[in-house]
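J.: Mind having a look at this structure? Questions to follow.
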Amino acid sequence: MQNIADMRDFIACLEEMGELKRLEKVALDLEVGALTERAAEKEGPALLFSDFKDYPQGFRVISNVFRTCKRTAPAMGLPTDLNGVDFLYAWRKKLASFMPVAVEQVEGGPIFENQMADHEVDLYKCPTPVWHELDGGPYLGTGCGVITKDPETGRINIGTYRVMIQEKNKVSVKMNMGKHGRLAFERSRAAGKPLPVAISLGQGPSVFLAAQMPLPPDVNEYEFAGFLQGSPVPVVRGAVTGLPLPANAEIVIEGEMPPMRDEEMPREGPFGEWPGYFTDANVGETPVMIVKRVYYRNDPIILGAPPLKPPASYLPIPLGAATLWEQLEKAGVPEVKGVWGFVYGGQPGPFTVISIRQRYAGHSKQALLVAAGARAGAYGGKFVVVVDDDIDITNPHDVIWAIATRCYVRDGIDLIKSVWASVCEPAMPPEERSPRGYTSDRVLIDACRPYRWFDEFPKVNAFSKEFKDAVERKWKL
Ligand SMILES: Cc1cc2nc3c(=O)[nH]c(=O)nc-3n(C[C@H](O)[C@H](O)[C@H](O)COP(=O)(O)O)c2cc1C
Ligand SMILES: [Mn+2]
(Lines give C-alpha, C1' and ligand atoms only; values in the text may rest on other atoms or scores of the structure.)
(Ligands and ions follow the chains in the order given, each with its own letter.)
Protein backbone atom coordinates (compact mmCIF):
# COMPACT_ATOMS: atom_id res chain seq x y z
CA MET A 1 0.00 0.00 0.00
CA GLN A 2 1.33 3.44 -0.85
CA ASN A 3 2.17 5.86 1.93
CA ILE A 4 -0.77 8.19 2.56
CA ALA A 5 0.67 11.35 4.04
CA ASP A 6 -1.78 14.00 2.89
CA MET A 7 -5.28 14.49 1.53
CA ARG A 8 -4.07 14.27 -2.07
CA ASP A 9 -2.39 10.91 -1.55
CA PHE A 10 -5.63 9.75 0.00
CA ILE A 11 -7.74 11.05 -2.88
CA ALA A 12 -5.47 9.21 -5.33
CA CYS A 13 -5.95 6.04 -3.29
CA LEU A 14 -9.75 6.49 -3.20
CA GLU A 15 -9.82 7.10 -6.92
CA GLU A 16 -7.83 3.93 -7.57
CA MET A 17 -10.31 2.00 -5.41
CA GLY A 18 -13.25 3.48 -7.38
CA GLU A 19 -14.42 5.17 -4.18
CA LEU A 20 -14.53 8.83 -5.24
CA LYS A 21 -17.22 10.81 -7.02
CA ARG A 22 -16.55 14.30 -8.36
CA LEU A 23 -19.34 16.89 -8.47
CA GLU A 24 -19.23 20.42 -9.87
CA LYS A 25 -21.26 23.57 -9.26
CA VAL A 26 -23.30 22.15 -6.36
CA ALA A 27 -24.87 24.83 -4.12
CA LEU A 28 -23.05 25.27 -0.80
CA ASP A 29 -26.30 26.26 0.85
CA LEU A 30 -27.85 22.86 1.76
CA GLU A 31 -27.17 20.91 -1.48
CA VAL A 32 -23.65 19.86 -0.46
CA GLY A 33 -25.02 18.87 2.95
CA ALA A 34 -27.97 16.91 1.53
CA LEU A 35 -25.76 15.04 -0.95
CA THR A 36 -23.33 14.24 1.87
CA GLU A 37 -26.17 12.86 3.98
CA ARG A 38 -27.58 10.78 1.13
CA ALA A 39 -24.15 9.39 0.22
CA ALA A 40 -23.58 8.51 3.88
CA GLU A 41 -26.98 6.76 4.13
CA LYS A 42 -26.16 4.68 1.05
CA GLU A 43 -22.60 4.04 2.19
CA GLY A 44 -21.76 5.55 -1.18
CA PRO A 45 -18.46 7.04 -2.35
CA ALA A 46 -16.51 9.99 -1.00
CA LEU A 47 -17.69 13.23 -2.67
CA LEU A 48 -15.27 15.81 -4.04
CA PHE A 49 -17.07 19.09 -4.79
CA SER A 50 -15.57 21.83 -6.97
CA ASP A 51 -16.41 24.93 -9.06
CA PHE A 52 -18.59 26.76 -6.59
CA LYS A 53 -20.45 29.73 -7.99
CA ASP A 54 -19.03 33.05 -6.74
CA TYR A 55 -16.00 31.48 -5.04
CA PRO A 56 -12.35 31.56 -6.02
CA GLN A 57 -11.57 29.03 -8.75
CA GLY A 58 -9.91 25.89 -7.49
CA PHE A 59 -11.25 25.78 -3.91
CA ARG A 60 -12.80 22.38 -3.20
CA VAL A 61 -14.69 20.50 -0.47
CA ILE A 62 -14.53 16.76 0.21
CA SER A 63 -17.04 14.84 2.34
CA ASN A 64 -18.32 11.34 3.17
CA VAL A 65 -14.68 10.31 3.27
CA PHE A 66 -14.55 7.83 6.17
CA ARG A 67 -18.02 6.31 5.77
CA THR A 68 -16.91 2.74 5.05
CA CYS A 69 -14.33 0.41 6.55
CA LYS A 70 -12.88 -0.16 3.09
CA ARG A 71 -12.08 3.54 2.69
CA THR A 72 -11.03 4.21 6.26
CA ALA A 73 -8.73 1.19 6.49
CA PRO A 74 -5.91 2.60 4.29
CA ALA A 75 -5.86 5.76 6.43
CA MET A 76 -5.49 3.62 9.56
CA GLY A 77 -2.94 1.23 8.21
CA LEU A 78 -5.45 -1.66 8.41
CA PRO A 79 -6.40 -4.30 5.80
CA THR A 80 -9.24 -3.21 3.46
CA ASP A 81 -11.22 -6.46 3.65
CA LEU A 82 -12.37 -6.32 7.29
CA ASN A 83 -15.80 -5.22 8.52
CA GLY A 84 -17.88 -5.03 11.69
CA VAL A 85 -16.43 -6.50 14.89
CA ASP A 86 -13.41 -7.88 12.97
CA PHE A 87 -12.50 -4.35 11.88
CA LEU A 88 -13.03 -3.06 15.40
CA TYR A 89 -10.82 -5.81 16.81
CA ALA A 90 -8.04 -5.00 14.34
CA TRP A 91 -8.35 -1.33 15.34
CA ARG A 92 -8.18 -2.25 19.01
CA LYS A 93 -5.03 -4.29 18.46
CA LYS A 94 -3.53 -1.42 16.46
CA LEU A 95 -4.29 0.99 19.32
CA ALA A 96 -2.68 -1.37 21.82
CA SER A 97 0.55 -1.39 19.79
CA PHE A 98 0.78 2.42 19.72
CA MET A 99 4.29 3.83 19.64
CA PRO A 100 4.60 7.59 19.09
CA VAL A 101 6.20 8.58 15.80
CA ALA A 102 7.93 11.94 16.30
CA VAL A 103 7.05 14.71 13.86
CA GLU A 104 9.46 15.76 11.15
CA GLN A 105 10.27 19.45 11.54
CA VAL A 106 10.56 20.96 8.06
CA GLU A 107 11.15 24.44 6.64
CA GLY A 108 8.38 25.46 4.27
CA GLY A 109 5.95 23.16 2.49
CA PRO A 110 2.97 23.21 0.13
CA ILE A 111 0.83 24.91 2.79
CA PHE A 112 2.73 28.14 2.09
CA GLU A 113 1.85 28.23 -1.63
CA ASN A 114 -0.69 31.01 -0.97
CA GLN A 115 -1.65 33.23 1.92
CA MET A 116 -3.88 36.01 3.14
CA ALA A 117 -2.34 38.17 5.86
CA ASP A 118 -3.92 40.54 8.40
CA HIS A 119 -6.44 42.83 6.68
CA GLU A 120 -6.59 40.53 3.60
CA VAL A 121 -7.97 37.70 5.71
CA ASP A 122 -11.44 36.87 4.42
CA LEU A 123 -12.83 33.52 5.45
CA TYR A 124 -15.88 34.07 3.26
CA LYS A 125 -13.56 33.26 0.33
CA CYS A 126 -13.54 29.65 1.53
CA PRO A 127 -16.49 27.72 0.10
CA THR A 128 -18.23 26.73 3.33
CA PRO A 129 -21.36 24.59 3.28
CA VAL A 130 -24.39 25.12 5.45
CA TRP A 131 -24.36 21.44 6.33
CA HIS A 132 -27.85 21.03 7.86
CA GLU A 133 -31.06 22.98 7.31
CA LEU A 134 -31.21 24.79 10.65
CA ASP A 135 -27.49 25.37 11.21
CA GLY A 136 -26.83 28.83 12.61
CA GLY A 137 -24.22 29.61 9.96
CA PRO A 138 -21.54 28.21 7.71
CA TYR A 139 -19.35 25.68 9.54
CA LEU A 140 -15.88 25.91 8.09
CA GLY A 141 -14.48 23.41 10.58
CA THR A 142 -16.07 19.97 10.82
CA GLY A 143 -13.25 17.69 9.68
CA CYS A 144 -10.68 20.08 11.11
CA GLY A 145 -7.80 19.96 13.57
CA VAL A 146 -7.59 22.73 16.19
CA ILE A 147 -3.95 23.06 17.25
CA THR A 148 -3.09 24.51 20.66
CA LYS A 149 -0.27 24.45 23.16
CA ASP A 150 -1.20 24.10 26.80
CA PRO A 151 0.32 27.07 28.65
CA GLU A 152 0.94 24.97 31.77
CA THR A 153 2.13 21.63 30.43
CA GLY A 154 3.59 22.89 27.14
CA ARG A 155 1.83 20.01 25.36
CA ILE A 156 0.69 20.36 21.79
CA ASN A 157 -2.87 19.19 21.17
CA ILE A 158 -5.02 18.73 18.08
CA GLY A 159 -8.75 18.33 18.52
CA THR A 160 -11.71 18.38 16.14
CA TYR A 161 -14.14 21.00 17.42
CA ARG A 162 -16.88 22.59 15.33
CA VAL A 163 -15.81 25.92 13.86
CA MET A 164 -18.37 28.47 12.69
CA ILE A 165 -17.53 31.61 10.73
CA GLN A 166 -18.59 34.64 12.80
CA GLU A 167 -16.98 37.43 10.75
CA LYS A 168 -14.53 37.52 7.87
CA ASN A 169 -11.63 37.24 10.33
CA LYS A 170 -13.38 35.62 13.30
CA VAL A 171 -14.49 32.09 14.03
CA SER A 172 -16.04 30.50 17.10
CA VAL A 173 -14.50 27.22 18.20
CA LYS A 174 -16.80 25.07 20.29
CA MET A 175 -14.33 23.33 22.54
CA ASN A 176 -16.48 21.78 25.24
CA MET A 177 -15.44 21.84 28.88
CA GLY A 178 -12.80 19.26 29.68
CA LYS A 179 -11.54 18.92 26.09
CA HIS A 180 -7.80 19.44 25.80
CA GLY A 181 -8.07 22.58 23.69
CA ARG A 182 -10.54 24.01 26.18
CA LEU A 183 -8.21 23.31 29.10
CA ALA A 184 -5.47 25.26 27.30
CA PHE A 185 -7.89 28.13 26.68
CA GLU A 186 -9.10 28.18 30.30
CA ARG A 187 -5.53 28.24 31.59
CA SER A 188 -4.46 31.11 29.35
CA ARG A 189 -7.68 32.97 30.11
CA ALA A 190 -7.02 32.61 33.87
CA ALA A 191 -3.58 34.12 33.27
CA GLY A 192 -5.18 36.98 31.29
CA LYS A 193 -3.28 36.03 28.13
CA PRO A 194 -4.43 35.26 24.57
CA LEU A 195 -4.07 31.64 23.48
CA PRO A 196 -2.28 31.15 20.15
CA VAL A 197 -4.38 28.83 17.93
CA ALA A 198 -4.05 27.33 14.48
CA ILE A 199 -6.74 25.33 12.70
CA SER A 200 -6.08 22.94 9.87
CA LEU A 201 -9.15 22.67 7.62
CA GLY A 202 -8.00 19.84 5.40
CA GLN A 203 -5.10 17.56 6.23
CA GLY A 204 -3.88 14.01 5.93
CA PRO A 205 -6.59 11.53 6.95
CA SER A 206 -4.56 10.18 9.87
CA VAL A 207 -4.26 13.66 11.40
CA PHE A 208 -8.06 13.99 11.29
CA LEU A 209 -8.59 10.52 12.76
CA ALA A 210 -6.18 11.35 15.59
CA ALA A 211 -7.79 14.77 16.19
CA GLN A 212 -11.30 13.38 16.63
CA MET A 213 -10.23 10.55 18.96
CA PRO A 214 -10.43 10.88 22.73
CA LEU A 215 -6.70 10.21 23.25
CA PRO A 216 -5.14 10.69 26.71
CA PRO A 217 -3.76 14.19 27.39
CA ASP A 218 -0.14 13.04 27.22
CA VAL A 219 -0.53 11.62 23.73
CA ASN A 220 0.44 14.08 21.01
CA GLU A 221 -2.07 13.67 18.17
CA TYR A 222 0.63 14.34 15.53
CA GLU A 223 2.67 11.47 16.92
CA PHE A 224 -0.40 9.25 16.93
CA ALA A 225 -1.14 10.24 13.32
CA GLY A 226 2.45 9.39 12.40
CA PHE A 227 1.94 5.97 13.95
CA LEU A 228 -1.27 5.44 11.94
CA GLN A 229 0.21 6.47 8.60
CA GLY A 230 3.53 4.77 9.25
CA SER A 231 5.60 7.91 8.63
CA PRO A 232 6.33 11.10 10.58
CA VAL A 233 3.94 14.00 10.03
CA PRO A 234 5.93 16.88 8.51
CA VAL A 235 5.29 20.08 10.48
CA VAL A 236 6.35 23.64 9.91
CA ARG A 237 6.47 26.46 12.45
CA GLY A 238 3.59 28.91 12.09
CA ALA A 239 4.83 32.50 11.69
CA VAL A 240 2.06 34.01 13.84
CA THR A 241 1.76 31.42 16.63
CA GLY A 242 4.96 29.37 16.56
CA LEU A 243 2.70 26.30 16.63
CA PRO A 244 3.55 23.24 14.53
CA LEU A 245 1.34 23.29 11.39
CA PRO A 246 0.97 20.28 9.08
CA ALA A 247 3.28 21.29 6.20
CA ASN A 248 1.16 19.39 3.67
CA ALA A 249 -2.26 20.56 4.93
CA GLU A 250 -4.71 22.12 2.50
CA ILE A 251 -5.72 25.22 4.48
CA VAL A 252 -4.49 26.42 7.86
CA ILE A 253 -5.72 29.49 9.71
CA GLU A 254 -3.57 31.05 12.41
CA GLY A 255 -4.42 33.52 15.11
CA GLU A 256 -5.35 33.75 18.77
CA MET A 257 -8.17 33.43 21.25
CA PRO A 258 -8.33 36.55 23.41
CA PRO A 259 -8.94 35.88 27.12
CA MET A 260 -12.56 36.99 26.80
CA ARG A 261 -15.13 36.73 29.58
CA ASP A 262 -18.13 34.42 29.13
CA GLU A 263 -20.42 37.43 28.56
CA GLU A 264 -18.28 38.44 25.58
CA MET A 265 -18.63 35.09 23.81
CA PRO A 266 -20.92 35.22 20.77
CA ARG A 267 -23.97 33.31 19.72
CA GLU A 268 -22.98 29.94 18.30
CA GLY A 269 -25.15 27.25 16.67
CA PRO A 270 -27.63 25.72 16.27
CA PHE A 271 -25.83 22.80 14.66
CA GLY A 272 -26.92 19.31 13.60
CA GLU A 273 -25.10 16.98 15.96
CA TRP A 274 -24.24 13.28 16.05
CA PRO A 275 -27.24 12.05 18.09
CA GLY A 276 -29.34 13.16 15.10
CA TYR A 277 -30.71 16.45 16.45
CA PHE A 278 -29.91 20.13 16.31
CA THR A 279 -28.37 21.47 19.48
CA ASP A 280 -29.71 24.90 20.44
CA ALA A 281 -27.78 28.05 19.83
CA ASN A 282 -25.63 28.96 22.83
CA VAL A 283 -24.48 32.37 23.96
CA GLY A 284 -21.56 33.01 26.29
CA GLU A 285 -20.06 29.51 26.01
CA THR A 286 -17.96 29.35 22.88
CA PRO A 287 -14.51 30.97 22.61
CA VAL A 288 -13.62 33.11 19.60
CA MET A 289 -10.47 33.01 17.51
CA ILE A 290 -9.23 36.13 15.72
CA VAL A 291 -7.69 34.96 12.44
CA LYS A 292 -4.52 36.77 11.43
CA ARG A 293 -3.24 34.60 8.63
CA VAL A 294 -4.68 32.06 6.19
CA TYR A 295 -2.31 29.70 4.38
CA TYR A 296 -3.52 27.47 1.57
CA ARG A 297 -2.25 25.17 -1.12
CA ASN A 298 -3.07 25.67 -4.76
CA ASP A 299 -6.63 24.35 -5.31
CA PRO A 300 -7.13 23.62 -1.61
CA ILE A 301 -9.55 20.98 -0.32
CA ILE A 302 -11.64 21.58 2.81
CA LEU A 303 -12.44 18.36 4.67
CA GLY A 304 -16.12 18.20 5.65
CA ALA A 305 -17.15 15.65 8.27
CA PRO A 306 -20.54 16.93 9.48
CA PRO A 307 -22.34 14.89 12.12
CA LEU A 308 -25.44 13.20 10.65
CA LYS A 309 -28.57 11.48 11.88
CA PRO A 310 -27.77 7.84 12.72
CA PRO A 311 -27.12 5.39 11.24
CA ALA A 312 -25.39 7.72 8.76
CA SER A 313 -22.12 8.91 10.28
CA TYR A 314 -18.80 10.47 9.42
CA LEU A 315 -17.22 7.26 10.71
CA PRO A 316 -17.72 3.74 9.28
CA ILE A 317 -18.36 1.99 12.60
CA PRO A 318 -18.31 2.99 16.29
CA LEU A 319 -14.53 3.17 16.54
CA GLY A 320 -14.76 4.42 20.14
CA ALA A 321 -16.15 1.00 21.08
CA ALA A 322 -12.61 -0.40 20.68
CA THR A 323 -11.50 1.74 23.60
CA LEU A 324 -14.42 0.59 25.75
CA TRP A 325 -13.59 -3.03 24.85
CA GLU A 326 -10.03 -2.45 26.04
CA GLN A 327 -11.25 -0.75 29.23
CA LEU A 328 -13.63 -3.64 30.02
CA GLU A 329 -10.78 -6.12 29.80
CA LYS A 330 -8.42 -3.89 31.78
CA ALA A 331 -11.09 -3.72 34.51
CA GLY A 332 -11.04 -7.51 34.69
CA VAL A 333 -14.16 -8.48 32.72
CA PRO A 334 -13.16 -11.71 30.96
CA GLU A 335 -14.34 -13.17 27.65
CA VAL A 336 -15.61 -9.96 26.05
CA LYS A 337 -16.21 -10.95 22.41
CA GLY A 338 -17.13 -7.55 21.03
CA VAL A 339 -18.46 -4.08 21.81
CA TRP A 340 -20.71 -2.00 19.55
CA GLY A 341 -22.84 1.14 19.49
CA PHE A 342 -25.76 2.15 17.29
CA VAL A 343 -25.81 5.91 17.90
CA TYR A 344 -22.26 7.05 17.97
CA GLY A 345 -19.79 9.88 17.53
CA GLY A 346 -16.25 9.40 18.75
CA GLN A 347 -17.64 7.45 21.74
CA PRO A 348 -19.75 4.28 21.57
CA GLY A 349 -22.72 6.48 22.56
CA PRO A 350 -26.19 6.09 24.12
CA PHE A 351 -26.90 2.55 22.89
CA THR A 352 -23.95 0.32 23.64
CA VAL A 353 -23.94 -3.43 23.22
CA ILE A 354 -21.40 -5.86 24.65
CA SER A 355 -21.14 -9.53 23.86
CA ILE A 356 -19.60 -11.97 26.30
CA ARG A 357 -19.17 -15.70 26.71
CA GLN A 358 -20.60 -16.13 30.21
CA ARG A 359 -18.29 -17.87 32.67
CA TYR A 360 -19.87 -17.33 36.09
CA ALA A 361 -22.98 -16.00 37.81
CA GLY A 362 -22.86 -12.21 37.82
CA HIS A 363 -20.50 -11.97 34.85
CA SER A 364 -23.04 -10.17 32.68
CA LYS A 365 -23.96 -7.62 35.35
CA GLN A 366 -20.28 -6.96 35.97
CA ALA A 367 -19.82 -6.16 32.28
CA LEU A 368 -22.79 -3.76 32.41
CA LEU A 369 -21.58 -1.93 35.50
CA VAL A 370 -18.06 -1.48 34.18
CA ALA A 371 -19.27 -0.33 30.76
CA ALA A 372 -21.58 2.24 32.34
CA GLY A 373 -18.75 3.71 34.39
CA ALA A 374 -15.59 3.28 32.32
CA ARG A 375 -14.44 6.48 30.67
CA ALA A 376 -15.22 5.47 27.09
CA GLY A 377 -18.69 4.18 28.03
CA ALA A 378 -19.78 6.76 30.59
CA TYR A 379 -19.64 9.92 28.50
CA GLY A 380 -22.81 10.16 26.45
CA GLY A 381 -24.05 6.70 27.45
CA LYS A 382 -27.67 5.81 28.15
CA PHE A 383 -28.61 2.19 27.40
CA VAL A 384 -26.06 -0.54 27.94
CA VAL A 385 -26.95 -4.03 26.77
CA VAL A 386 -25.04 -7.26 27.32
CA VAL A 387 -25.73 -10.32 25.17
CA ASP A 388 -24.33 -13.82 24.72
CA ASP A 389 -21.76 -14.29 22.01
CA ASP A 390 -24.12 -16.07 19.59
CA ILE A 391 -25.73 -12.65 18.97
CA ASP A 392 -24.47 -10.51 16.09
CA ILE A 393 -24.02 -7.23 17.96
CA THR A 394 -23.69 -5.25 14.72
CA ASN A 395 -27.23 -6.28 13.73
CA PRO A 396 -29.97 -4.32 15.56
CA HIS A 397 -32.55 -7.05 14.79
CA ASP A 398 -30.44 -9.66 16.53
CA VAL A 399 -29.84 -7.38 19.52
CA ILE A 400 -33.55 -6.58 19.88
CA TRP A 401 -34.37 -10.27 19.57
CA ALA A 402 -31.98 -11.01 22.42
CA ILE A 403 -33.48 -8.29 24.62
CA ALA A 404 -37.02 -9.38 23.79
CA THR A 405 -36.46 -13.07 24.48
CA ARG A 406 -33.63 -13.45 27.00
CA CYS A 407 -34.00 -10.54 29.39
CA TYR A 408 -35.76 -11.56 32.62
CA VAL A 409 -36.97 -8.08 33.36
CA ARG A 410 -37.09 -8.03 37.17
CA ASP A 411 -33.44 -9.13 37.41
CA GLY A 412 -32.27 -7.94 34.03
CA ILE A 413 -33.00 -4.20 34.12
CA ASP A 414 -31.30 -1.69 36.40
CA LEU A 415 -31.46 2.06 36.53
CA ILE A 416 -28.39 4.06 37.61
CA LYS A 417 -28.93 7.74 38.28
CA SER A 418 -26.77 10.82 37.72
CA VAL A 419 -23.93 9.59 35.51
CA TRP A 420 -21.64 11.83 33.42
CA ALA A 421 -23.62 13.03 30.38
CA SER A 422 -22.75 14.45 26.98
CA VAL A 423 -23.69 18.03 26.16
CA CYS A 424 -25.43 16.59 23.11
CA GLU A 425 -28.03 14.65 25.18
CA PRO A 426 -31.31 15.55 23.45
CA ALA A 427 -33.64 14.37 26.23
CA MET A 428 -32.10 16.55 28.95
CA PRO A 429 -34.90 18.73 30.41
CA PRO A 430 -34.14 22.43 29.91
CA GLU A 431 -34.22 23.14 33.67
CA GLU A 432 -31.46 20.60 34.24
CA ARG A 433 -29.12 22.07 31.64
CA SER A 434 -26.27 24.12 32.99
CA PRO A 435 -22.99 25.49 31.64
CA ARG A 436 -21.37 23.62 34.57
CA GLY A 437 -22.27 20.35 32.87
CA TYR A 438 -24.94 17.89 33.85
CA THR A 439 -25.66 14.23 34.43
CA SER A 440 -28.10 11.68 33.06
CA ASP A 441 -29.32 8.21 33.99
CA ARG A 442 -28.38 4.78 32.65
CA VAL A 443 -30.43 1.71 31.90
CA LEU A 444 -28.50 -1.54 32.16
CA ILE A 445 -30.08 -4.38 30.19
CA ASP A 446 -28.96 -7.92 30.80
CA ALA A 447 -30.07 -9.80 27.66
CA CYS A 448 -27.90 -12.84 28.31
CA ARG A 449 -29.50 -16.20 28.99
CA PRO A 450 -29.68 -16.38 32.81
CA TYR A 451 -26.48 -18.08 33.90
CA ARG A 452 -28.04 -20.18 36.69
CA TRP A 453 -30.17 -22.21 34.27
CA PHE A 454 -28.26 -21.46 31.08
CA ASP A 455 -28.22 -25.10 29.95
CA GLU A 456 -31.99 -25.44 30.29
CA PHE A 457 -32.74 -22.23 28.36
CA PRO A 458 -34.83 -23.04 25.26
CA LYS A 459 -32.69 -23.92 22.27
CA VAL A 460 -32.69 -21.49 19.32
CA ASN A 461 -34.82 -22.87 16.50
CA ALA A 462 -32.52 -21.82 13.65
CA PHE A 463 -30.09 -23.98 11.70
CA SER A 464 -26.38 -23.22 11.82
CA LYS A 465 -25.08 -20.93 9.10
CA GLU A 466 -22.69 -23.67 7.92
CA PHE A 467 -25.48 -26.23 7.44
CA LYS A 468 -27.70 -23.73 5.64
CA ASP A 469 -24.80 -22.69 3.40
CA ALA A 470 -24.11 -26.33 2.56
CA VAL A 471 -27.72 -27.24 1.67
CA GLU A 472 -28.13 -24.01 -0.22
CA ARG A 473 -25.08 -24.86 -2.31
CA LYS A 474 -26.26 -28.44 -2.79
CA TRP A 475 -29.74 -27.42 -3.99
CA LYS A 476 -28.64 -24.19 -5.68
CA LEU A 477 -31.33 -22.18 -3.84
C1 LIG B 1 -17.10 16.24 13.07
C2 LIG B 1 -16.77 16.34 14.52
C3 LIG B 1 -17.19 17.42 15.26
C4 LIG B 1 -16.87 17.54 16.59
N5 LIG B 1 -17.28 18.65 17.26
C6 LIG B 1 -16.91 18.83 18.53
C7 LIG B 1 -17.23 20.06 19.19
O8 LIG B 1 -17.82 20.97 18.61
N9 LIG B 1 -16.84 20.21 20.47
C10 LIG B 1 -16.16 19.25 21.14
O11 LIG B 1 -15.81 19.46 22.28
N12 LIG B 1 -15.86 18.06 20.54
C13 LIG B 1 -16.21 17.84 19.25
N14 LIG B 1 -15.89 16.68 18.61
C15 LIG B 1 -15.27 15.58 19.38
C16 LIG B 1 -13.79 15.81 19.62
O17 LIG B 1 -13.12 15.88 18.40
C18 LIG B 1 -13.18 14.66 20.42
O19 LIG B 1 -13.76 14.66 21.71
C20 LIG B 1 -11.67 14.76 20.56
O21 LIG B 1 -11.24 13.71 21.38
C22 LIG B 1 -11.21 16.08 21.14
O23 LIG B 1 -9.81 16.12 21.24
P24 LIG B 1 -9.10 16.30 22.67
O25 LIG B 1 -9.39 15.00 23.38
O26 LIG B 1 -7.67 16.46 22.33
O27 LIG B 1 -9.73 17.47 23.33
C28 LIG B 1 -16.15 16.53 17.25
C29 LIG B 1 -15.72 15.44 16.51
C30 LIG B 1 -16.02 15.33 15.17
C31 LIG B 1 -15.50 14.17 14.38
MN1 LIG C 1 -5.87 15.52 23.00
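J.: Hey, does the range 56-72 have a residue that's among the small types (Gly, Ala, Ser), touching a residue at least 40 places away in the same chain (Cβ under 8 Å) and surrounded by fewer than 23 Cβ atoms within 10 Å (Cβ to Cβ)?
T.: Checked against the condition, which is being among the small types (Gly, Ala, Ser), touching a residue at least 40 places away in the same chain (Cβ under 8 Å) and surrounded by fewer than 23 Cβ atoms within 10 Å (Cβ to Cβ), the range 56-72 yields at least one hit.
J.: Would you kindly identify the helices (runs of 4 or more DSSP H) lying entirely within the range 315-397 that contain at least 1 residues that are without any contact (Cβ under 8 Å) to a residue 60 or more places away in the chain and either under 28 Å from Thr142 (Cβ atoms) or in contact with an Asp or Glu (Cβ under 7 Å, 6 or more places away or on another chain) (or both)?
T.: 320-330, 375-378
A quick yes/no check of all residues on (1) more than 16 Å from ligand 2 (Cβ to nearest atom); (2) aromatic (Phe, Trp, Tyr); (3) buried (at least 17 other Cβ atoms within 10 Å of the Cβ):
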| position | (1), (2), (3) |
| --- | --- |
| Gly338 | yes, no, yes |
| Gly345 | no, no, yes |
| Thr352 | yes, no, yes |
| Gln358 | yes, no, yes |
| Ala374 | yes, no, yes |
| Pro396 | yes, no, no |
| Cys407 | yes, no, yes |
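J.: Go through Pro259, Pro275 for me and flag whichever is modelled with pLDDT of 95 or more and in the same structural domain as Ser188 (by TED's automatic domain parsing).
T.: From the options Pro259, Pro275, the qualifying one is Pro259.
J.: What single numbered condition from (1) more than 29 Å from Leu228 (Cα to Cα); (2) among the charged types (D, E, K, R); (3) within 16 Å of ligand 2 (Cβ to nearest atom) fails to hold for Asp118?
T.: Here Asp118 meets the rest and fails (3).
J.: Something else now. Taking into account only those residues within the range 428-439 that are surrounded by 11 or more Cβ atoms within 10 Å (Cβ to Cβ) and at pLDDT 85 or above, which is farthest from Asp280 (Cα to Cα)?
T.: Applying the filter and picking the extreme gives Thr439.
J.: While we're on this one: Please work out which one of (1) more than 14 Å from ligand 2 (Cβ to nearest atom); (2) farther than 28 Å from Pro435 by Cα; (3) not small (Gly, Ala, Ser) is the condition Arg189 fails and give its number.
T.: Tallying (1) more than 14 Å from ligand 2 (Cβ to nearest atom); (2) farther than 28 Å from Pro435 by Cα; (3) not small (Gly, Ala, Ser), Arg189 fails exactly one: (2).
J.: OK, next. Six or more apart or on different chains, Cβ under 6 Å: which pairs go from a residue in the range 450-470 that's in the same structural domain as Val386 (by TED's automatic domain parsing) to one that's among the aromatic types (Phe, Trp, Tyr) and at pLDDT 95 or above? Could you list them?
T.: Sorted first by the residue in the range 450-470, then by its partner, the pairs are Pro450/Tyr408.
J.: Among the residues of the range 200-248, how many are away from ligand 2 (no atom under 16 Å from the Cβ) and under 19 Å from the mean Cα position of the chain (by Cα)?
T.: The total comes to 5.
J.: Go through the range 273-291 and give me each residue that's part of a strand (DSSP E or B) and buried (at least 24 other Cβ atoms within 10 Å of the Cβ).
T.: Across the range 273-291, the qualifying residues are Met289, Val291.
J.: When both residues are 6+ apart or on different chains and their Cβ atoms are under 6 Å apart, which pairs have a first residue that lies in the range 420-443 and is over 14 Å from Lys382 (Cβ atoms), and a second that is away from ligand 2 (no atom under 16 Å from the Cβ) and aromatic (Phe, Trp, Tyr)?
T.: Pairs that qualify, where the first residue is over 14 Å from Lys382 (Cβ atoms) and the partner is away from ligand 2 (no atom under 16 Å from the Cβ) and aromatic (Phe, Trp, Tyr), are Glu432/Tyr438.
The values are calculated or read from the model by the stated rules, or taken from the named source; none is laboratory data. The structure displayed is predicted, hence computed values, not measured ones. All Cβ positions, glycine included, derive from the backbone under ideal geometry; neighbour counts span all protein chains shown.
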